[in-house]
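Here the structure comes first, spelled out in structure tokens, and everything after it is commentary.
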Amino acid sequence: MSLLLETIRVANRTFYHLAYHQMRIEKTLQKLFSGRVTISLSETLTIPHYLDNNVYKCRVVYDTQIRAVQFLPYALRPVRSLQIVEVPPDFDYSCKWANRTAIDQLKQKITTDDILIVRNGKITDTSYANVALWDGYQWFTPQQPLLEGTKRAQLLAAGILSEADIGVKELRDFKCIKLLNAMMEFSEAPVVEIAKIV
């Protein structure tokens, strides 16, 4: 079995939204190991003394136990254009695998900054982020993403996002699309105009 991955934002020497990462790990362990394995992030992770107040990516690799923890400097990745890529109905990325070959292969031969994945005619995610779409009044996120992200879960719980079934044809009903993941605050996340989706 491939190793799993959890990516946690660290800023000002603080782990962000650790409870949401813990919930996803527990859900993953339940799915893959029938709950026979437990991992506690709060009991395992500590911030190294050498980290300053900048933003870092805490990369946790695990399976039945934590195998590696890295703290890497983080820089926001600019995304201004997306290319629609369709995947088969049985394409599954419901667990956050450390091996991203299946996702990376989708990005071959694109001319845009990233991809917008479509399954069964419905918008799901980009290669590294969930998405939120703005209709001029409120933010919507696809009801069935490939991977249920921790930032998406947090924003849904806060009432900032609402779930919706969004088909490719409905894209024209929105003004822009915002990328969401645990490393980015909602206010700083990249925004792509609908006209920049090809």
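The values are calculated or read from the model by the stated rules, or taken from the named source; none is laboratory data. These figures come from a predicted structure and were not determined experimentally. In this analysis, Cβ positions are derived from the backbone assuming ideal geometry, glycine residues included, and neighbour counts consider all displayed protein chains.
Can you give me the number of residues within region 108-139 that are more than 24 Å from I8 (Cα to Cα) and surrounded by fewer than 20 Cβ atoms within 10 Å (Cβ to Cβ)?
Number of matching residues: 14.
Determine whether region 39-57 contains at least one residue that is touching a Lys or Arg at 6+ places or on another chain (Cβ under 9 Å) and either under 21 Å from I194 (Cα atoms) or part of a strand (DSSP E or B) (or both). Don't jump to the end; show me each part of the working.
So the first thing to find is which residues in region 39-57 are touching a Lys or Arg at 6+ places or on another chain (Cβ under 9 Å), and the list is 47, 51-53, 55-57.
Then drop every residue that is not either under 21 Å from I194 (Cα atoms) or part of a strand (DSSP E or B) (or both), which leaves 56-57.
Yes, that holds for at least one residue.
Regarding region 127-146, can at least one residue be identified that is over 21 Å from R80 (Cα atoms) and either of a type in the set (A, V, I, L, M, F, W, C) or in the same structural domain as H21 (by TED's automatic domain parsing) (or both)?
yes
Of these, D165, D125, which one is farther than 17 Å from F186 by Cβ and among the acidic types (D, E)?
Values: D125 fails: farther than 17 Å from F186 by Cβ.
Exactly one residue qualifies, and that residue is D165.
Per-residue answers, yes or no, for (1) closer than 21 Å to G149 by Cα; (2) among the β-branched types (V, I, T); (3) out of contact with any Cys (no Cβ under 8 Å at 6 or more places or on another chain):
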residue	(1), (2), (3)
K27	yes, no, yes
F33	yes, no, yes
V37	no, yes, yes
S42	yes, no, yes
T46	no, yes, yes
Y56	yes, no, yes
D63	yes, no, yes
I66	yes, yes, yes
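So how many residues does region 58-68 have that are surrounded by 11 or more Cβ atoms within 10 Å (Cβ to Cβ) and assigned to a loop (DSSP other than H, G, I, E, B)?
Applying the first criterion (surrounded by 11 or more Cβ atoms within 10 Å (Cβ to Cβ)) to region 58-68 yields 58-64, 66-68.
Next, only the ones that are assigned to a loop (DSSP other than H, G, I, E, B) stay: 63-64.
Here the count works out to 2.
Output yes when any residue across region 75-85 is without any contact (Cβ under 8 Å) to a residue 60 or more places away in the chain, within 27 Å of E185 (Cα to Cα) and within 20 Å of the chain's Cα centre (by Cα), and no when none is.
Pass one, region 75-85, residues without any contact (Cβ under 8 Å) to a residue 60 or more places away in the chain: 75, 85.
Among the residues that remain, those that are also within 27 Å of E185 (Cα to Cα) are: 75, 85.
Next, only the ones that are within 20 Å of the chain's Cα centre (by Cα) stay: 75, 85.
Yes, that holds for at least one residue.
Select from region 82-97 the residues that are in a strand (DSSP E or B) and not acidic (D, E) and write down the one among them that is surrounded by the most Cβ atoms within 10 Å (Cβ to Cβ). Reasoning before the result, please.
Filtering region 82-97 for residues in a strand (DSSP E or B) gives 82-87, 97.
From what is left, the residues that are not acidic (D, E) are 82-85, 87, 97.
Working: L82: 25, Q83: 18, I84: 15, V85: 19, V87: 18, W97: 17.
The qualifying residue surrounded by the most Cβ atoms within 10 Å (Cβ to Cβ) is L82.
Name the single residue that is nearest to K178 (Cα to Cα) among those in region 86-119 being under 16 Å from the mean Cα position of the chain (by Cα) and aromatic (F, W, Y).
The extreme case among them is Y93.
Looking at this structure, is L76 loosely packed, with under 13 Cβ neighbours inside 10 Å and under 30 Å from Q30 (Cβ atoms)? Don't jump to the end; show me each part of the working.
Working: loosely packed, with under 13 Cβ neighbours inside 10 Å: yes; under 30 Å from Q30 (Cβ atoms): no.
Here the answer is no, as L76 does not meet what is asked.
Looking at (1) over 19 Å from the mean Cα position of the chain (by Cα); (2) within 22 Å of P190 (Cα to Cα); (3) not assigned by TED's automatic domain parsing to the domain that holds R152, which is the one condition that is false for V10?
Just one mismatch for V10, condition (1).
Which ones in region 150-169 are under 15 Å from Q138 (Cβ atoms), of a type outside the set (G, A, S), surrounded by fewer than 19 Cβ atoms within 10 Å (Cβ to Cβ) and in contact (Cβ under 8 Å) with a residue 24 or more places away in the chain?
Matches in region 150-169: I160 only.
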